[in-house]
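Asks: Here it is, the structure, as structure tokens.
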Amino acid sequence: MLLRSASETSSPPEGAGSSSAADRITDAKFLTFGCAAAIATSSMATELIKGKTLDEALEVTNKTVAEALDGLPPVKMHCSVLAEQALRAAINDYRRRKGLVSEDKAPNRIEVPNCRQEG
């Protein structure tokens, strides 16, 4: 997942404080190789975080994603977990690239199990 804030697309307004629009996620993209549930959960996660601050986006959980999709079959709940993990990794990556955290506090990789299409 890749995040972009308004501060990356334009310069923030003069006198903008830490709660300005520049601190909000304006775009999020993902690349998923997996089943339809993996694609759906990744897509929903990106929609849920647009307009939020990084801290607000961290409040999005796998349960939030699954509920926004009106549920997932039990065998596909791991896809919502992967979406949450990808979101957290993207936020950590964004913060590291912007110098908001030190390298040792923001891992840049997450280990994820294979997601195979069933049926």
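Read the figures in this text as sums done on the coordinates, not as results from a lab. If you're wondering where the values come from, they're calculated on a predicted model, not measured in any experiment. Here the Cβ is made from the backbone with ideal geometry for all residues, glycine too, and neighbour counts use every protein chain on show.
Asks: When a/c reaches 1.5 or more, the comparison of a/b and b/c decides; with that in mind, is segment 50-96 rounded, prolate or oblate per its Cα gyration tensor?
Replies: Oblate, because a/c is 1.5 or more while a/b does not exceed b/c.
Asks: Treating cross-link reach as a plain straight distance, find the lysines whose alpha-carbon is under 27 Å from the alpha-carbon of LYS76, omitting any fewer than eight places away in the same chain.
Replies: Straight-line reach from LYS76, under 27 Å: LYS29, LYS50, LYS52, LYS63.
Asks: Tell me which GluC sites (Glu not before Pro) from segment 53-96 have a DSSP coil assignment and no more than 15 other beta carbons within 10 Å of their own.
Replies: GLU59
Asks: Taking the number of other C-beta atoms within 10 Å as the exposure measure, put LEU72, LEU87 in order starting with the fewest.
Replies: On the way: LEU72 18, LEU87 25.
Listed from fewest to most nearby Cβ atoms, that is LEU72, LEU87.
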